[in-house]
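**Student:** Starting off with a structure, shown below.
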Amino acid sequence: NRRLLVMIAALLYCVTLHAQDEFKVIPPPPTVAEIGHYGQASAKLSDGSFGTQIPLYEYKTKHLSFPISLVYNTNGLKVDKVASRVGMDWMLMAGGSIGKMVLGKDDDNSMPLVLPANYPLINDSDSLRQLFRMLLNNDRDGQPDIYSFNFNGNNGRFLILKDTIVKLEQNTFDISRTGNGFKIIDNSGIQYYFSTRETSDASSSCQQGGGPTVVNSWLLDQIVHPLGDVITIKYKACDFTYSTGVTQKYIKSLKDQYGSTCTTCGVYPGEWNTNCVSRTRVQGYMIDKVYSNYRGVVQFNYQTRTDIPGDSAVRSIQVFDAT
């Protein structure tokens, strides 16, 4: 019927536009992304995934605990996967973070796409075409970004819809925004503050200029117990760029094959190819030290990282008492 034909025509138009404008995804920095992967991974014999944990040290106050461990978890090496600061598929579990996977446009700097009340039963093909054009031309954001948190063995995901936090898993955590960061309160009333922000921006060697800079991770800065214990995590800044993928195109004109008899081949160069390298720049932070109002200091030491200039690899961890 006519309504079905309108829908098919609109979807074909959508595919045509999509071929001209690739869908954009900006992941969190590699270390934060690896921590988020650990929070959602599970060891299964059916798919070959594997994981193990090596406890290194537990920093304790009178009522708080801050475990530090190395975790290995993998479902196999993926193309373009980037190692964390302790190696491929390894994670240093120290502190915590909230990472944001930007889907399409950054929620904090865009307008969401509002569907008409009668969608998808739209009889007007022009209105439906305009709807898809707003989405594919990046005039509107078509889906919310996904936030994932991981701290002290707790993990989960949430969305922010119209300034309201919507949890994707059932849990009893109280999650709220505090200025430019977040606060999570667990069942015991312990407060976790995530305020140190990392930013990323994506660019391509085939395009002039880069994409917008987005805040896509918040690091755990402080843990506060209701009885007065406070653990503070300090960071030091780092700025690095890494490659996230290579896109190759090769085009050969049909006119070369069929000659002047082809009237619908279009006018294109005889043949050409491109190699486009996608890169992400991160203005991030590395954990420097952990201390409290009761005990000594845990110091993290680094060495130069050869695969990602500007970033560092963990070399050692030192524990100092209060004196």
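**Student:** Under the condition of being among the hydroxyl-bearing types (S, T, Y) and open to solvent by 60 Å² or more (accessible area, probe 1.4 Å), which residue from region 196-247 is farthest from Y147 (Cα to Cα)?
**Tutor:** Selected residue: S205.
**Student:** On the basis of being in a loop (DSSP other than H, G, I, E, B), among the hydroxyl-bearing types (S, T, Y) and either within 28 Å of L70 (Cα to Cα) or at pLDDT below 90 (or both), does Y147 make the cut?
**Tutor:** For Y147, the condition - in a loop (DSSP other than H, G, I, E, B), among the hydroxyl-bearing types (S, T, Y) and either within 28 Å of L70 (Cα to Cα) or at pLDDT below 90 (or both) - is not met.
**Student:** Now for a different question. Going by the structure shown, is N187 at pLDDT below 95, at positive phi and of a type in the set (S, T, N, Q)?
**Tutor:** When the stated conditions are applied, N187 does not pass them.
**Student:** If we scan region 41-54, do we find a residue that is open to solvent by 20 Å² or more (accessible area, probe 1.4 Å), farther than 21 Å from F182 by Cβ and at pLDDT 90 or above?
**Tutor:** Yes; the residues of region 41-54 include at least one that is open to solvent by 20 Å² or more (accessible area, probe 1.4 Å), farther than 21 Å from F182 by Cβ and at pLDDT 90 or above.
**Student:** I would also like to ask the following. Can you tell me which residue among S200, S195, S204, S176 is touching a strand residue (DSSP E or B) at 6+ places or on another chain (Cβ under 8 Å), within 24 Å of D141 (Cα to Cα) and free of Cβ contacts under 8 Å to residues at least 40 places away in the same chain?
**Tutor:** S176
**Student:** Suppose the filter is more than 20 Å from P67 (Cβ to Cβ) and assigned to a loop (DSSP other than H, G, I, E, B); does T199 pass it?
**Tutor:** Answer is no for this residue.
The values are calculated or read from the model by the stated rules, or taken from the named source; none is laboratory data. Everything numeric in this text was worked out from a predicted model, so none of it was measured. Backbone-built Cβ (ideal geometry, glycine too); neighbour counts: all protein chains shown. We work out accessible area using only protein heavy atoms, side chains counted, and drop any ligands, DNA or RNA first. Shrake-Rupley method; radii C 1.70, N 1.55, O 1.52, S 1.80 Å.
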